[in-house]
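Since the structure comes first, as structure tokens, the remarks are kept for the end.
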Amino acid sequence: MDTQHTSVHPPSQSRNAGKNHPQRRTCGGVIHDNVRHTTRFTVIGNHLAQHAELSLLAIGLAVHIQSLPSGTAIDIRSLAARFPEGKARIAGALRELEAHGYLRRTCERTSSGRIVTRTVSCNQPGHTKGAGDPNPQPQRPARRADKPPRRVLPAVPQPAYPAPDLLRTALDVLAGLHRADPRLLLSATDAEHLAPGVVAWLERQMPPDAVRHALTSGLPPEPLHRPAALLAHRLAAQLPPLPPFRGPDPPVVDLPLQNCDHCDRAFRGPEAGTCAGCRATDEHPGSRTC
């Protein structure tokens with residue numbers, strides 16, 4: 001019983017999965033087949049491509065914008081003409097990118113006075129171009145510390161209906177105030193702000209001369225630092241009341257012609273009878289001459 005049989009194969013042993021199993025490739029997940037780009041490529045950070053809060057549309061739109069050359073129009077109309085998503089969805093994606101710092105949109109005034117929207121694409125939010133950058137961003141001149149910001153003018157009364165002819169008359173009144181007092185020389189912006197208040201006075205049947213007198217009489221002798229603010233206060237504080245309501249005049253009714261029963265003269269009246277002269281004679285019989 002204890003004889004060993006050398007021809008019998010030893011029992012098979014379980015293999016260690018960590019040592020004996022060959023390396024297996026996972027069945028799921030993406031497999032990259034990458035080729036190195038040497039031309040026509042854009043570097044996109046994973047902070048954008050794998051952003052946890054941006055929508056897929058916003059990420060794709062940011063990638064498209066960063067791939068464009070400087071100066072390309074990326075307004076909503078141009079993007080909607082390029083992509084099928086529509087203006088509403090593209091506008092929402094642009095707001096997402098602006099909220100997370102990938103876009104900066106500011107309104108600027110050109111040398112011709114036109115207001116334009118300047119859009120800056122940031123490939124890494126929170127990092128702006130520094131002084132050592134070969135293409136530094138132009139910086140706006142800092143506001144002088146000794147120059148206070150412009151204060152808002154007081155509100156003026158608003159007319160019920162700003163008729164164009166009344167508005168022209170109001171602007172003429174404001175433009176001529178400096179003739180009565182040189183201190184009341186107004187800018188175009190101030191006149192545009194004050195004009196509705198003057199129209200409200202003209203609507204209340206105030207002639208232009210009366211409005212001009214109310215604005216220029218009794219001014220303080222000291223220098224006027226804000227003449228437009230003083231005029232706005234007067235327009236609101238001294239606004240005259242509305243004129244009394246006057247209904248339409250009653251229509252004129254033409255009474256029919258009647259023949260007098262006494263003198264046979266024609267007179268107008270609602271019904272036949274005697275004329276006014278015969279009625280007076282009947283009331284005073286002694287005055288009859290015929």
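The values are calculated or read from the model by the stated rules, or taken from the named source; none is laboratory data. In this text, all values refer to a predicted model and were calculated from it rather than measured experimentally. A quick note on method: Cβ atoms are made from the backbone with ideal geometry, for glycine too, and the neighbour counts reach across all protein chains shown. The area values use the complete protein model at the heavy-atom level, side chains included, leaving out ligands, DNA and RNA. Shrake-Rupley method; radii C 1.70, N 1.55, O 1.52, S 1.80 Å.
Below, the figures for the structure above:
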quantity	calculated
Of all residues making up the stretch 156-189, the number that are aliphatic (A, V, I, L, M), within 19 Å of residue 238 (Cα to Cα) and exposed (fewer than 13 other Cβ atoms within 10 Å of the Cβ)	1
Complete set of residues in the stretch 215-224 that are more than 14 Å from residue 172 (Cα to Cα) and surrounded by 18 or more Cβ atoms within 10 Å (Cβ to Cβ)	216
Residue in the stretch 195-207 that is closer than 30 Å to residue 159 by Cα, among the β-branched types (Val, Ile, Thr) and at pLDDT 80 or above present	yes
Residue that is at pLDDT below 90, closer than 29 Å to residue 154 by Cβ and under 36 Å from the mean Cα position of the chain (by Cα), where the choices are 242, 215	242
Enumeration of residues in the stretch 60-103 that are open to solvent by less than 40 Å² (accessible area, probe 1.4 Å), touching a residue at least 12 places away in the same chain (Cβ under 8 Å) and among the aliphatic types (A, V, I, L, M)	61, 62, 65, 74, 79, 90, 91, 93, 94, 97, 103
Index of the failed condition, residue 192 passing every other in (1) loosely packed, with under 15 Cβ neighbours inside 10 Å; (2) without any contact (Cβ under 8 Å) to a residue 24 or more places away in the chain; (3) over 20 Å from residue 161 (Cα atoms)	(3)
Selected residue (criterion: modelled with the highest pLDDT) from residues of the stretch 104-146 that are open to solvent by 100 Å² or more (accessible area, probe 1.4 Å) and in contact with a strand residue (DSSP E or B) (Cβ under 8 Å, 6 or more places away or on another chain)	118
Residue that is most open to solvent (accessible area, probe 1.4 Å) [pool: residues in the stretch 225-268 that are of a type in the set (Gly, Ala, Ser) and closer than 30 Å to residue 196 by Cα]	237
